[in-house]
Each structure stands twice: as structure tokens, then as C-alpha cells.
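K.L.:
Have a look at this one before I ask anything.
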Amino acid sequence: MARGRSSSSSRWRYVHPSYYLKRPKRLALVFISFVFITFAVWDRQSLIREHEDEISKLKEVLSRLQDQLREVDGSVGNFGERFISANDKEISKDFVDIDPINKERREKVKEAMLHAWNSYEKYAWGQDELQPQSKNGVNSFGGLGATLVDSLDTLYIMGLKDEFQRAREWVANSLDFNKDYVASVFETTIRVVGGLLSAYDLSGDEIFLEKAKDIADRLLPAWNTPSGIPYNRINLAHGNPHNPGWTGGDSVLADSGTEQLEFIALSQRTGDPKYQQKVENVITQLQKTFPGDGLLPIFINPHSGAASHSTITFGAMGDSFYEYLLKAWIQRNKTEAVKHYRQMWETSMEGLLSLIRKTTPSSFTYICEKNGGSLSDKMDELACFAPGMLALGSSGYGPEKAEKILSLAEELAWTCYNFYQSTPTKLAGENYYFRNGADMSVGTSWNILRPETVESLVYLWRFTGNKTYQDWGWNIFQAFEKNSRTDSGYVGLRDVNTGAKDNMMQSFFLAETLKYLYLLFSPPSLISFDEWVFNTEAHPLRIIPRNDKEESLRADGKANSRPNPFGRKHGRTGYN
Ligand code: DMJ
């Protein structure tokens, strides 16, 4: 019993204060342990509280961003659902989430498109182009509704559904190509065939393909020349292809080598190889006499297929020939069958490098023109498509060359942007001259709402990720708003120095300038460069993935399937 009592009292001795008073070291140890445990518990509690705060803040941000995303998806109409693939949706969210300024800019561009479109609907419905000052329409392309057809895909991409639907009804019920009119094969192809095919690829509506086939069939006899190089004019009702008098009987390089994308696309979608054969033969013929520097003069004889002695330029009458060498290679999936397109394009880019000069004192890089053996220090604003083309083609090179080409593209884009910045209206003139010590000066001083510089900005922004290009585009857009906007549409300027206005809203302002500006402020996955290729009038054509089995079938014309316009994953494939 005594032992039991003593052991129980010794168990409780640790809680008795006298125990510790006699043992100060233990007292100190107990005190330190107490402080430490209290601090640890308190610290953990406050960490939990902080984390809870943090989580609730993040939830708020998340729900705000989800709201924003829903808003953006709504405001850009169909593209959220149709043109952004599942993987890309993540990229798009990031893009939208981190940069709300883009949303605001995109909305402003959409509003500009609506203003241009509403003015066209009000004063020039069904005619080719609107004259905003006199508030009437003109048929500069034979009465094919050029502005309407050129605008279809822009309306669709911007989610302007009612406007698109009204335009679609006009195409279905009123677009008539049986016109006794001598049309430009090039202009009709890039605006009308390109515009209709793009509308078809986006909407899947067969009426656009039917109409594209109708007009292409009327243009096709233009390729019936001894060399296969097409004549550039044809009567839409009666045929009779020929060249205009002012070329001395020659065909123009850009007019003859800028139908590949549209006619290849038409063959892919109809299963009829005749369109593709005609335009690919042009490249085959040109390849036979292709010069070592890849630079072709702007006039070619359609009988012999030989180039005539004339100017070499990346501006007017040369430009899009080089653009289509690259883009047809992309459109046809960069396969062995079209390797020669890429080779010809790379050869031409070596030629382009030989035309590069820099200004003094500011070292702006520019592309000269060439007459005979000598370079002329002149560059068209039209040549400002070249930075975009170089950026697009750069990835086909090895890493070192790709970097060189991309940085040349960036230098040229800086020059083109300065074509705008250097004038009092901040809008570019039609062409520029470069003189020692004086950098650049405007030559022809009009501005007709051209798209080439903003087109290049889209490519450069997408390939470099540098938002500066978006800011440049925004500045250019604001200059259009300030100088070119009227109550009844947008006009060009007769003179970028004075701001004097002309009386024409070019159809490419709606097809190209506003579309490229809209894309500049949209997720890069909206009409991604991996799945679409833009014709020279900014009409995106779906790249049909290669399928060798079907290719051989369709090359015989035995199958006639249409690619699904809403995405590779679900689409039928055509031949390339
Ligand atoms: C458009 O019709 C096309 O971009 C063409 O390739 C060149 N000219 C105009 C725009 O400036």
C-alpha cells in the first residue's frame, strides 16, 4: 500500500510548482517549449487564414475572367465555337484574360466595319463599290457586288450574323455573272472567287461554292494561250480573252501568277482538277526560264512564256506572284509534289536580299526596284506585304537563316510603319523615295485605304509575340478613323500631307484592312496560320490535309466530296 501511494504522488510531482522552483533549468525548458508550441500553433492558424483569403481572391478573379471570356465569346460570334480548336481554346483564354485592351480595340474595329458595311448597304447595295462623299455606288468590277462578296468572310469572322445573312441572300438571288463586261482575271479571282470560297469554307453553305464555280468557269478560257501564261482580260459573257493595250500585248506577272490559291482550292472542293491544272501549269512554265536570282520582270509574253525586258519589283504588278509561290506550297501541305514552289520562293528571296538597301541617317531598311542592271531607290506601300510574307516563310528555313529572314521582316515592317508615321496625317502615301541623308520622302501622295502594312503586322505579331506590332496597328487604325471616316463610310485621301479626301471606299478596306486589324487584336488561334492560308485579298482558305488515297481518286475526278469547313478533326479530306 505504502509503495502504491508513493508511486502515485511521484507521478503528480511534475505538475506541482515547487518541483520546478527547486529545478530552474527544467522550468526554463518548460517555458521555452510552451512559447515555441504557442507560436507554432498561432503561425499555422494565420497561414491558413492567409491562404483562405488568397483562395477567395483568386476565385473572384477567376469568376471575373470567366465573365469576360463569355462576353468575348459572345461578341466575336461564331468563332469561339467554330474556329478555335479545343487545344487552342486554352491559348485563347490566356490571350483574352491577360490583355483586356485587345477586346476594346477589337470592338472598335468591329464598329468601323459595321459603319463601312451599313453605309454600303444604304447607298450602294449590290454594286461594286461605294462612293461615300456623293453617296452612290459604282460598278468598277462589272457589277459583281465586289464589296459585298469581299466582305462576306469579314462579317462572318466578326460574328455579324444578320449582315452576313442579308449578303448571303443577295449572293443566292441576285449575283449574276452573265455580264457583257471585260473583267480583270486577277481582280475577279482574288476578290470574287476568293471571297466566295472563303465564305464557303467558313459557313459550309453550298451556294458560295456554286457561285465560285460559275465565275471561275467564265475565267478559265484566259489560260488557253500557247504558253499557258494567261491573258489578263476576259469578257464574262462571251469569253474572248486578251491583254490590255497598255501592256503592249504582254501579260502582267502578278496578274498571271496570283490565281493559284483560289483555283487549287476550287479543285479541292469540287473534285474537278481542271482549275488546279491550269494555274499550276503557269508555275511549271515559269520554272523553265526562272532566272538565277528568282526575280521576274513584270511583263511576260503569253505566246512564248518569256519575260520581257521590264521592271523588277515587289510592288505593283510583281508583288503577289512571290506571295503565291510560298502560300501555294503551304496550301498543298508542303509536300514533295510542290517542293519546287518553295525552291522558287527561296530563290526569289535571295533576289530580294540583293535589292535591300538602308537609308541615311536613320538606317531604314527598304526594298529597291530594279530596271535593267540598276537599282532604283523607290518602294511602293504595296511592297509592305513582304514583311508578312518573309515572317510566314521564315520557319521553313534552318534556325540561323530563319532568324535572319525574320529579323529582315521586322526591319522592313519598321520602315513600312514609318511610311505612316512620317506624314502629317499618319497615313502612308502610295510610294516612297529614299535619298542619301534624307531617309524617306513620299512620292505619289495618295492613300486608298490599303492593307499591306497592317497585314504584315498581323504576321509579325503572331510570329514574334511582340505586342509593339499591335500598338503600331492601333495607331494606324486611329489615323484611318481620324482622316478617312465620314458620315457615310470611309474614303481614301488624295494627299496624305493635306488630308484632302477622295470619294471611294475600296472593297479591300472591308476585305483586308479591317479584317487584318480585327485579327491583330484577336487570339492568334482565330483563323490560325496552321489551318488557313490567306489569299492576297485576305480571304482565308482552309488548308485541306493531305490524304494520298483520296488524292488519287479525286485527281481522276471520280470523287466529289467537300472538306468540312469546321475543323480538321471532323473534316473529310480532299486531294492536294
Ligand atoms: C488588293 O486588291 C490585294 O491585296 C492585291 O494583292 C494588291 N492590291 C490590293 C490592296 O492594296
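The values are calculated or read from the model by the stated rules, or taken from the named source; none is laboratory data. Remember, it's a predicted structure, so these values are computed and weren't measured experimentally. Note that we place each Cβ from the backbone using ideal geometry, even for glycine, and neighbour counts take in every protein chain shown. Calculation scope for accessible area: heavy atoms of the full protein, side chains included, ligands and nucleic acids excluded. Shrake-Rupley method; radii C 1.70, N 1.55, O 1.52, S 1.80 Å.
K.L.:
Taking interchain pairs and intrachain pairs at least six residues apart, which have beta carbon atoms under 6 angstrom, with the first residue in segment 218-236 and part of a helix (DSSP H, G or I) and the second among the small types (Gly, Ala, Ser) and open to solvent by 10 Å² or more (accessible area, probe 1.4 Å)?
P.N.:
These pairs meet every condition: 221/239.
K.L.:
Still on this structure: Checking residue 89 against (1) open to solvent by 10 Å² or more (accessible area, probe 1.4 Å); (2) at pLDDT 95 or above, only one condition comes out false. Which one?
P.N.:
All conditions pass for residue 89, except number (2).
K.L.:
Another one. List, please: which pairs have Cβ atoms under 7 Å, are six or more places apart or on different chains, and start with a residue in segment 276-288 that is in a helix (DSSP H, G or I) and end with one that is open to solvent by 50 Å² or more (accessible area, probe 1.4 Å) and of a type outside the set (A, V, I, L, M)?
P.N.:
none
K.L.:
Suppose we keep only residues that are within 17 Å of residue 241 (Cβ to Cβ) and in contact with a strand residue (DSSP E or B) (Cβ under 7 Å, 6 or more places away or on another chain) within segment 182-211. Which one would you say is nearest to the ligand (Cβ to nearest atom)?
P.N.:
Across segment 182-211, the extreme among qualifying residues is 184.
K.L.:
Restricting to segment 219-255, name every residue that is open to solvent by 10 Å² or more (accessible area, probe 1.4 Å) and within 16 Å of the ligand (Cβ to nearest atom).
P.N.:
Correct list: 255 only.
K.L.:
Still on this structure, I have one more. Could you say whether any residue in segment 142-155 is more than 16 Å from the ligand (Cβ to nearest atom), of a type outside the set (Asp, Glu), closer than 23 Å to residue 123 by Cα and within 19 Å of the chain's Cα centre (by Cα)?
P.N.:
Yes: segment 142-155 contains one or more residues that are more than 16 Å from the ligand (Cβ to nearest atom), of a type outside the set (Asp, Glu), closer than 23 Å to residue 123 by Cα and within 19 Å of the chain's Cα centre (by Cα).
K.L.:
Here are 484, 522, 488: which of them is under 18 Å from residue 121 (Cα atoms), away from the ligand (no atom under 14 Å from the Cβ) and of a type in the set (Gly, Ala, Ser)?
P.N.:
Answer to the check: 488.
K.L.:
In addition: For segment 240-271, what are the residues that are of a type in the set (Phe, Trp, Tyr) and in contact with a Phe, Trp or Tyr (Cβ under 6 Å, 6 or more places away or on another chain)?
P.N.:
Scanning segment 240-271 gives a single hit, 263.
K.L.:
In segment 316-345, what residues are over 20 Å from the mean Cα position of the chain (by Cα), open to solvent by 10 Å² or more (accessible area, probe 1.4 Å) and farther than 20 Å from residue 387 by Cβ?
P.N.:
The answer is 335, 336, 337, 339, 340, 343.
K.L.:
Within segment 549-558, is there a residue that is buried (at least 19 other Cβ atoms within 10 Å of the Cβ), of a type outside the set (D, E, K, R) and at pLDDT below 95?
P.N.:
Within segment 549-558 (the criterion being buried (at least 19 other Cβ atoms within 10 Å of the Cβ), of a type outside the set (D, E, K, R) and at pLDDT below 95), the answer is no, since none of the residues qualifies.
K.L.:
Then there's this: Go through segment 132-190 and count every residue that is open to solvent by 10 Å² or more (accessible area, probe 1.4 Å), small (Gly, Ala, Ser) and assigned to a helix (DSSP H, G or I).
P.N.:
Residues that pass the stated criteria total 2.
K.L.:
Another one. Go through segment 496-514 residue by residue and tally those that are open to solvent by 40 Å² or more (accessible area, probe 1.4 Å) and under 15 Å from residue 420 (Cα atoms).
P.N.:
Matching residues across segment 496-514 total 2.
K.L.:
Here's another thing I want to ask about it. Can you name the number of the only condition in (1) within 14 Å of the ligand (Cβ to nearest atom); (2) in contact with a strand residue (DSSP E or B) (Cβ under 9 Å, 6 or more places away or on another chain); (3) of a type outside the set (Ser, Thr, Tyr) that residue 531 fails?
P.N.:
Result: residue 531 passes all but (1).
K.L.:
Give, as residue ranges, the strands (runs of 3 or more DSSP E) completely inside segment 366-483 that count at least 3 residues that are without any contact (Cβ under 8 Å) to a residue 40 or more places away in the chain and open to solvent by 10 Å² or more (accessible area, probe 1.4 Å).
P.N.:
Filter on segment 366-483 gives 374-376.
K.L.:
Considering 347, 360, which residue is touching an Asp or Glu at 6+ places or on another chain (Cβ under 9 Å), of a type in the set (Ser, Thr, Tyr) and assigned to a loop (DSSP other than H, G, I, E, B)?
P.N.:
360
K.L.:
Name, by its number, the condition in (1) within 26 Å of residue 463 (Cβ to Cβ); (2) within 16 Å of the ligand (Cβ to nearest atom); (3) touching a Leu at 6+ places or on another chain (Cβ under 7 Å) that does not hold for residue 410.
P.N.:
(2)
K.L.:
Condition first: on the phi > 0 side of the Ramachandran plot and within 16 Å of the ligand (Cβ to nearest atom). Now tell me which residues in segment 279-323 satisfy that.
P.N.:
317
K.L.:
Can you spot a residue in segment 208-215 that is in a strand (DSSP E or B) and touching a helix residue (DSSP H, G or I) at 6+ places or on another chain (Cβ under 9 Å)?
P.N.:
No, there is no match, as no residue in segment 208-215 is in a strand (DSSP E or B) and touching a helix residue (DSSP H, G or I) at 6+ places or on another chain (Cβ under 9 Å).
K.L.:
Within segment 536-548, is there a residue that is away from the ligand (no atom under 16 Å from the Cβ), acidic (Asp, Glu) and modelled with pLDDT under 95?
P.N.:
Yes, segment 536-548 contains a residue that is away from the ligand (no atom under 16 Å from the Cβ), acidic (Asp, Glu) and modelled with pLDDT under 95.
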